[in-house]
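Asks: The structure is given below, and queries will be raised subsequently.
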Amino acid sequence: MQTSYALISIYKSRIATLEHTLREAGTQRQQPRSQRPGPVEYRKLMQRFKQFLSTEEKFWTHLVVRIQRQFALTEARSALATLSIVADTEPYVDDPDGGKRDHFRLPPEPVQDASSQPLTPAQRNNRRATLSKALIVLGDLARYREQYNEGASRNRGGPERGGRASRGRGSQADVPRAKTYDKARACYECARDLMPDEGNASHQLAILASYQKDTFESLVQYYKALCVRSAYDPAAENMGNVLSKFLDAWKRRRKGKPGGRAPSEDITGPKTNLPSFKDNVILLHALWRLGVE
């Protein structure tokens, strides 16, 4: 939280500010062109952000491999295999003294021998929890990379449009295209499988569901984040926000006001005015949680 996420927050804030400035500059032509922030500055900022995310991904991958190997967490091998994380891909740089030095300055790995004491069950669970958290970070990094894989012309979640329109006819650039968060989802699912009693990974899966406008799946994952031994507390507030938005949309739809489409409706599917069974389930839970008469 004090390193990776703090810097990601700064990058996201600066990108959002620059996007807003560019939009305003497009509507206000009075300012001299030389003083306007241009797309070159935006591209440079995005490129630095992508480089940062790439470096972070290498570090956390390196850390995951190190934790799994040093503490002999055999139960995590399947997760690493699923995510195509293997030990022989660890990054090293040449040491000026002639040896190999750990690029990320991790401490030297202790030599395991017959006299080494095995981990107690509590210690093993603690190491496995640390590994699970590292996989969640990898999932977040993959999620951010997908969100910002193109410029400001794309939204940050849900169905997207392609790149720049072609000058010729018959262009497919405007065909809706959904972003894929498969890598992030795989990381979250592996983290959840390692620590099924912790709710953090399920909370992240709920976020992915919200990107796809799948309110029902998001609600299910928020419940999973809360109904475990180590509940992820932020899921309670986020679930309340999801249910409040759904209930507001439902009320607008009943009154025939614009914007009354239920958040759970698939905008790419067939159009219908009939509420689905899932919509009714979400509505019921919204009424329960929000105490609405």
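Asks: Select from segment 28-49 the residues that are modelled with pLDDT under 95 and of a type in the set (Lys, Arg) and list them in ascending order.
Replies: Hits for segment 28-49 are Arg29, Arg33, Arg36, Arg43, Lys44.
Asks: Which ones in segment 52-81 are assigned to a loop (DSSP other than H, G, I, E, B) and touching a helix residue (DSSP H, G or I) at 6+ places or on another chain (Cβ under 7 Å)?
Replies: Phe71, Leu73
Asks: Could you say which residue among Tyr232, Tyr223 is not in a helix (DSSP H, G or I) and not polar (S, T, N, Q)?
Replies: Numbers: Tyr223 fails: not in a helix (DSSP H, G or I).
It is Tyr232.
Asks: In this structure, is Arg66 modelled with pLDDT under 95 and touching an Asp or Glu at 6+ places or on another chain (Cβ under 9 Å)?
Replies: Working: modelled with pLDDT under 95: yes; touching an Asp or Glu at 6+ places or on another chain (Cβ under 9 Å): yes.
Here the answer is yes, as Arg66 does meet what is asked.
Asks: Being under 14 Å from Ala206 (Cα atoms) and modelled with pLDDT under 95 is true for just one of Ser264, Ser218. Which residue is that?
Replies: Being under 14 Å from Ala206 (Cα atoms) and modelled with pLDDT under 95 holds for just one of Ser264, Ser218, which is Ser264.
Asks: Limited to segment 206-234, what total is found for residues that are crowded, with 24+ Cβ neighbours inside 10 Å and within 19 Å of Val137 (Cα to Cα)?
Replies: 4
Asks: Looking only at segment 182-213, filter to residues that are at pLDDT 95 or above and not in a helix (DSSP H, G or I); which one of those is farthest from Thr74 (Cα to Cα)?
Replies: Gly199
The values are calculated or read from the model by the stated rules, or taken from the named source; none is laboratory data. In this text, all values refer to a predicted model and were calculated from it rather than measured experimentally. Cβ atoms come from the backbone with ideal geometry, glycine included; neighbour counts cover every protein chain shown.
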